[in-house]
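Notes follow once the structure below has been shown.
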Amino acid sequence: MPERTPHISLPSERLVPRVLDISPEELESWPEDAKNLAVSVAAELFLVRSNPFINPSDVKASVEKRLSEANPKAWGEYPRTIRKAAKAFWDVFEADGRFRDNLVERLRQFMPTADVVTAPHALIACATDATDLRLELPLCMLMPETHDHIRQILRLANELEFAVIPRGGGSGLTGGAIPIPRRSVILSLAKFRKIIAIDTQALTLTAQAGVITLTAIKAAEAKGLLFTVDPASKSASSLGGNISENAGGPFAFEYGTTLDNLISYKMVEASGEIIEVRRVDHPRHKIRPDETAVFEVIDESGAVRDVVKLPGDQIRAKNWARTSPTSIWAACPACRRKAWTASLPRPASPSIPFPSIPARCASSSSAAP
Ligand SMILES: Cc1cc2nc3c(=O)[nH]c(=O)nc-3n(C[C@H](O)[C@H](O)[C@H](O)COP(=O)(O)OP(=O)(O)OC[C@H]3O[C@@H](n4cnc5c(N)ncnc54)[C@H](O)[C@@H]3O)c2cc1C
């Protein structure tokens, strides 16, 4: 007989605990038939959580059939334990569904209906990033068009307690854009794609956070300038993602990474407040070992709320062009939280702030023809 259990790439010792909350040690002590039943039920339930095209009612019926065909007499308590665990799964799943319905309704009170996306193909498109290590479905994907939308989303996140995961190009290699926390929404910056200004005197480019890096590079080039943030992923990555990950490419040896090139950026905090992080007296070269980069954090009233100092000899490993991630995370309020997101498998934060408007990067005159 062919195996009727769906194929899942997770090994059973991770699948069963994750879906049914039955520990690997307990499962190991079970007889083979009971273990197989647990694995097959967990595999079906796993699909509901990871594939938005699947109809949950079909899976529910299939799981019920498997359980009712099990012989509790011969297997003792095992099928009952699995049934209880499956019920707990459905309770959570259905509660999350009700939560999503209410959330979508609340979001559509201040955002256009089309910007609150629940279509399966859109959810699957942002279920992972370039790491492809883990696939999790968000409740929905949001495509705000204004800063006020972003503020309101974050305020709602605080009120209803859901996680907000900003997403640029999805090319990250840290897993930071994956909606891992339960009840996550993806906040796509895809509609923040404006290059606001290129100042050829001041040698600055001012842009929204969702601008694709290559677009910024080409825009600078058209004005005879060199935009020095050049990760190999530039045709996919966004400026917001570059800031968050402190990205850099071959130019990093000469000009440093994103941190070195930033003059200022604005971001919406978890509270909904907009702050600006501004480099004091940017010297127009990368942060050198004997220098200290100073950033001021400015609140909405214009007052300096915090000053962060980054000694150049502490932010890079010796002889490295690239700034170590911990150093930039220590520098910026947004990035401190981002470090947390990237390093923990299940951050419980209800919301994560992100720079939304506009980031200004220094550009250098092009030396190349
Ligand atoms: C083929 C390939 C080549 C690469 N080459 C390089 C390279 O040469 N150098 C390098 O440094 N990296 C490289 N990367 C990694 C990646 O492209 C960079 O880290 C890039 O900066 C990610 O940008 P993104 O817009 O795709 O971010 P995403 O993947 O969308 O997100 C990355 C993180 O940033 C956060 N984020 C995104 N936008 C915002 C925002 N507006 N506000 C707040 N947080 C935000 C997300 O929540 C997430 O935590 C490469 C990746 C790939 C797949």
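All conditions in (1) modelled with pLDDT of 95 or more; (2) part of a helix (DSSP H, G or I) hold for P144, with the sole exception of (2). Within region 11-65, track down each residue that is closer than 14 Å to T81 by Cβ and among the basic types (K, R). Hit for region 11-65 is K35, nothing else.
In the set L160, L203, only one residue is surrounded by 18 or more Cβ atoms within 10 Å (Cβ to Cβ) and among the aliphatic types (A, V, I, L, M); that residue is L203.
Inside region 174-191, residues that are more than 10 Å from the chain's Cα centre (by Cα) and at pLDDT 95 or above make up a count of 4.
Only a single item in (1) surrounded by 18 or more Cβ atoms within 10 Å (Cβ to Cβ); (2) free of Cβ contacts under 8 Å to residues at least 60 places away in the same chain; (3) charged (D, E, K, R) is not met by E77, and it is number (1). Filtering region 274-308 to residues that are within 16 Å of the ligand (Cβ to nearest atom) and in contact (Cβ under 8 Å) with a residue 40 or more places away in the chain leaves I274, I275, V277. Considering only residues in region 227-264 that are assigned to a strand (DSSP E or B) and aliphatic (A, V, I, L, M), the one that is nearest to the ligand (Cβ to nearest atom) turns out to be L262. Any chance region 265-273 includes a residue that's within 16 Å of the ligand (Cβ to nearest atom), farther than 19 Å from L189 by Cα and in a loop (DSSP other than H, G, I, E, B)? No, every residue in region 265-273 fails to be within 16 Å of the ligand (Cβ to nearest atom), farther than 19 Å from L189 by Cα and in a loop (DSSP other than H, G, I, E, B). A Cβ distance below 6 Å, combined with a sequence gap of six or more or placement on separate chains, defines the contacts here; from region 86-104, residues that are more than 21 Å from L156 (Cα to Cα) reach residues that are surrounded by 15 or more Cβ atoms within 10 Å (Cβ to Cβ) in the pairs A86/V41; A86/V63; F89/L45.
Counting only helices (runs of 4 or more DSSP H) wholly contained in region 40-112, the ones carrying 3 or more residues that are closer than 30 Å to D148 by Cβ occupy 78-107.
Here A190 meets the list (1) within 25 Å of E276 (Cβ to Cβ); (2) part of a loop (DSSP other than H, G, I, E, B); (3) within 8 Å of the ligand (Cβ to nearest atom); (4) not basic (K, R) almost entirely, failing just condition (3). Restricting attention to region 193-215, the residues being more than 9 Å from the ligand (Cβ to nearest atom) and outside any loop (DSSP other than H, G, I, E, B) number 11.
The values are calculated or read from the model by the stated rules, or taken from the named source; none is laboratory data. Please read these numbers as outputs of a predicted model, since none were measured by experiment. All Cβ positions, even for glycine, are placed from backbone atoms using ideal geometry, and neighbour counts span all protein chains on display.
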